[in-house]
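Have a look at the structure below before the remarks.
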């Protein structure tokens, strides 16, 4: 690479002095520019991803990760192996060493080290693995508990997570038979507790695909859900005894005498397509999620979560949670507060760019995080089939919205660093809106009931670390999206991430903030309806083919299409060039964006969510661009257009 | 995927099977005195000799004269070209025979039991060719050992299925194509597939290859017995076709009716093919042609297409509908000898899978003949193998396991370095399958999502009864319980033991009605089979009698003290004798069982040999 550049330089130099001059001039300009404005910082400037190398021949399709007190880390895999990795931190470029501790388990998806043994969840059994003769190989495979299965592949079992009493929690997927079905085997769709004597105690139901859950420092169980039937979008719910978290598959077992819910059938569930907040008013056991993770923006397949109990070793987010997404190979962040005794809170982007499908995360002993990955059968943004990486805070302070919390008349945002007051007081630097999803038996949901939530005023705290947002149209039961652009810290850096989503299940009581009514001249919020970007170049019909690919790139990002689709590469969804090959009309693409037909793409594991909230004009622009990809000649034209710009 | 596989394995299912009646020797030419028809054959305490029972159905070769000689080979009256043949065979210890296709190409029959690395002289091999001019020690060449040793112990019935394609010749007698073994399954195990035979093997009746000849059974090397001969012969299809006219309609199609009734293109092709167009959806292709049959018969038409198609013969729709190529849509029609007209329609209204169209015609005892051009039907997408094999310690793998139609959800497979393996139902404490050879095919568990989540044996397999061997019975006549509940039998886990033969052999632990039971299985010393050993501790409930079910099957014959042949000599079971207790053979619910009373004992052991 380096050599190639050098020779290119030489060619240019020999051919034409004038060009060389231009190049040098360009470099100089860039340098001047760099002095006046700092280089934009990215996630990797604060949180570094370190790869734990895996020997050739080991298929480390991670299902569970269990760091050990002695600095080793154990990993269980979907092929049923448990590997103990010595020297996983790999200081000074040293190598890790892998020992096969156990094997032959059935799709083990959870592993915990506890009092000298490993506890591993297989499809149909919680197994205690113990090495009794000191050779680093388990010789006792004790069945702590086992449960029925129907034989359906989707009946995955996860855990265990220990509580303070030494009891263990497990979560059980429902079967997939074209919809989530729980009745094929007992307690599918449930959170269960395994008591020390091995008996199963059902705790809560309504679970669909609970791949990640945790018992937090308060002893509360939080679990992540994947978009699907009865689940409009990814979400995290606090599960208490007798809760029904939304998917009806597991209700079948409420007829059992030890069910903590009274007998309930799917007919008791308000399957109306109204917001879940409304449905929960009609069904007492229906538990609202503490935090919604809007589909495609905040992941597509919620996986593991862990609470930051590192005491600052991992950065400024002590007490918050990191939530992983398998399909998008990334970590998100979640802050929780209790309002009226119930958890609710916000989620934020955090770190992208892991190598495979991030399914499991556990703290290492040094306050870094081990992230275990697999994508077989599902696909993920990270292209490897499996992997193990570590996420390490390098000690630099990211400029972030640290916490969004609810106030009686809006939100308070705490930042990780003092903010520039002038930029923070500029109301036009905030974009606020709210929306929610349908609660229904159908798979997924479009965004519904989107409305602006206009900002009345902003109060910056004395120490410049907080802003109080006073909002008109604060909407109970809605997801409130906060986008901040233009607020700077003392180093004139913008926020690392500009986005937060707060799930407002309850509005706290308290004193109202005193702000003067907003001036009518202050621009408030982007309208939720069609964007006002003038459709300037559209008039001449001949130019219609000349799609502005830069504008489309922005649209693809804005509407999160690029979370799942790339121009040329298969990600979670098909490449746009593949879509182009289907020769749809722009109008057909519009129809499919609003009402996707997953059956058109049988080779793709993840169904696309309906994106009917995207304005028609923008979808048609995207559609025109997609179709332009299908024509090789017009692609050349496109390049020309880009050069003109 | 499983469905697809089944289709691949049995594409010709439903064709005529011919049985060779073994009431006498009339189907053979001049059989020597060594060949007789018997009712049954066993080997007893002397494993090298047959004992026969009179009756019919079993073809036996034993030495009647002074010694075996070449004239003891047996030739069929049937002359065959392409042939599918299946039969059972049994050999006593050390014996040797062979099945010669067309008297020229030998599939070897030999006592190769327990041989770990079989060569091209072992049972199931396509025997090597022989050329003395190659020099001493190098005469043998171009033989094919079986992929793995699939032979059973002497005295047990083996089952073999051979699919043979005869060489072809032009009118002048010049060979056009070599003979070929399409496949050989020995005891259910695929040991050869698509092996071209470049010439006759050693011991052929003639070096001259021919289109048709009798099959031959080797009888000059020792005792051997056969039964259940079943075969199909295939003639070359002799239907002739004329070039075909095609019409291509562009646009949306409903019920084979194009919206635009004027064809976009027309023409003539030597054979129908979908490749005549490049469009992937919204088209109709129509082919009209004629073919001539030489004989009146029932003809089968096979359609392998992606999306929608139809085969119309003499204005009669024989096959139609939405299909995938792997579905082999079929229809029959009676045709007179002479010329017939046919129409093929093909349409597709989606893009995301490529066009594919294959049309075939077939008659009983005929190979199927393609009507469409070869590339019109796309190849199936192959699936890579993901397997598990033991190293110097056993490989253990839990999975779902198919047991008949039932999916066992808490199954475990154990593959031992000696090449013996078993699968086991952890909830029932029972064997599911026992096998020798390669260990485990895990493709359906580890490819993509692994939706079946099942694994399958890769060796010579014996099916077992999925029953926990211990039970309290009220008397020796009481039925043995089936399907234990967790209350009766509680699985506690397993321990990997360090044994003299090596580390990592599992012992399964159970609570059975107050007894602590340990169940362990290890290979026998020379890998002749598996040895199961159960120990039980605890108070036997007062007034109750504990029994062990050692074996069960349609038939049980005691062939030597404590040694039994089970299920028509499919495998052997040996009860490890004790000084005090003696096994009982009994019948219960229509099945024969070996029951061991356990009064006064703390353990019970038995061996399964195959």
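Bear in mind these aren't lab numbers, they're just calculated from the coordinates by the rules spelled out. Values in this document were obtained by computation on a predicted structure and should not be read as measured data. Neighbour counts are summed over all protein chains in view; Cβ atoms, including those assigned to glycine, are modelled from backbone coordinates with ideal geometry.
A few points about this structure:
- Across region B:284-298, the residues whose backbone nitrogen lies under 11 Å from the label position 7 Å along the beta-carbon direction of residue B:334 are B:297-298.
- Degrees separating the helix A:632-644 axis from the principal Cα axis of chain A, which is the longest one: 60 degrees
- With the simple spin-label model, which puts each label point 7 Å out from Cα in the Cβ direction, the residue A:162 to residue A:514 separation comes to 5.4 nm.
- FRET efficiency estimate (nearest 0.05) - Cβ-Cβ, residue B:501 to residue B:66, R0 41 angstrom: 0.35
- Spatial separation of Cα centroids for region B:463-520 and region B:116-163, in angstrom: 41 Å
- Convex hull volume of region B:487-610 per residue (C-alpha atoms, cubic angstrom): 130 Å³
- Shape analysis of chain B yields a ratio of the Cα radius of gyration to the Kirkwood radius, Rg/Rh, of 1.04.
- Annotation: average projected area of the protein assembly as shown is 62.6 square nanometres, based on the convex hull of Cα atoms across all directions.
- Each helix, a run of at least 4 DSSP H residues, gives -39500 (n - 2.57); summed and divided by the residues of chain B, these come to -500 deg cm²/dmol at 222 nm.
- The mean count of C-beta atoms from other chains within 10 Å of the C-beta of residues in B:446-452, rounded to a whole number, is 5.
- When A:462, B:482, B:161 are arranged by Cβ crowding within 10 Å, least crowded first, meaning fewest neighbours, the order is A:462, B:482, B:161.
- A Förster distance of 30 Å, applied to the separation of the beta-carbon atoms of residue B:276 and residue B:211, puts the FRET efficiency at 0.25.
- Computed over chain A, the Cα gyration tensor eigenvalues convert (square root of 5λ each) into semi-axes of 41, 32, 27 Å, ordered from largest to smallest.
- Additional length obtainable on full extension of the chain from residue B:327 to residue B:393, 0.36 nm per residue less Cα span: 19.5 nm
- Footprinting exposure proxy for B:445, A:298 (fewest neighbouring C-beta atoms within 10 Å first): B:445, A:298
- Centre separation in Å (Cα based) which lies between region B:217-280 and region B:369-416: 29 Å
- Potential lengthening between residue B:475 and residue B:349 on full extension [0.36 nm per residue; Cα-Cα distance subtracted]: 38.5 nm
- Whole-angstrom gap from region A:246-317 to region B:427-441, using each part's C-alpha centre: 41 Å
- Rounded if a/c under 1.5, otherwise prolate or oblate - region A:188-322, Cα gyration tensor axes: oblate
- Axis angle, to the nearest 10 degrees, between helix A:2-15 and the longest C-alpha principal axis of chain A: 10 degrees.
- With contributions of -39500 (n - 2.57) from each DSSP H run of at least four residues, the per-residue ellipticity at 222 nm computed over chain A stands at -4500 deg cm²/dmol.
- Over region B:2-234, relative contact order from alpha-carbon pairs under 8 Å, at least 6 apart, %: 28 percent
- Degrees between helix A:549-558 axis and first principal axis of chain A (Cα, 0 to 90, nearest 10): 30 degrees
- The average projected area of region A:401-504, computed from the convex hull of its Cα atoms over all directions, is 6.8 nm².
- For chain A: relative contact order, % (alpha-carbon pairs under 8 angstrom, 6 or more apart): 10 percent
- Normalising the average separation of contacting C-alpha pairs (under 8 angstrom, six or more residues apart) by the number of residues puts the relative contact order of region A:46-393 at 14 percent.
- Taking only the Cα atoms of region B:448-522, the radius of gyration and Dmax are 16.3, 52 Å.
- Contour excess over end-to-end distance, with Cα ends at residue A:70 and residue A:575 and 0.36 nm allotted per residue: 177.3 nm
- Per residue, the Cα convex hull of region A:43-190 amounts to 163 Å³.
- Residues B:72, B:349 in ascending order of nearby Cβ atoms (within 10 Å, fewest first): B:349, B:72.
- Calculated SAXS-style log₁₀ I(q)/I(0) at q = 0.11, 0.12 Å⁻¹ - region B:2-234, Debye, Cα scatterers: -0.55, -0.66
- Applying 1/(1 + (r/R0)^6) with r as the Cβ-Cβ distance of residue A:553 and residue A:448 and R0 = 22 angstrom yields a FRET efficiency of 0.20.
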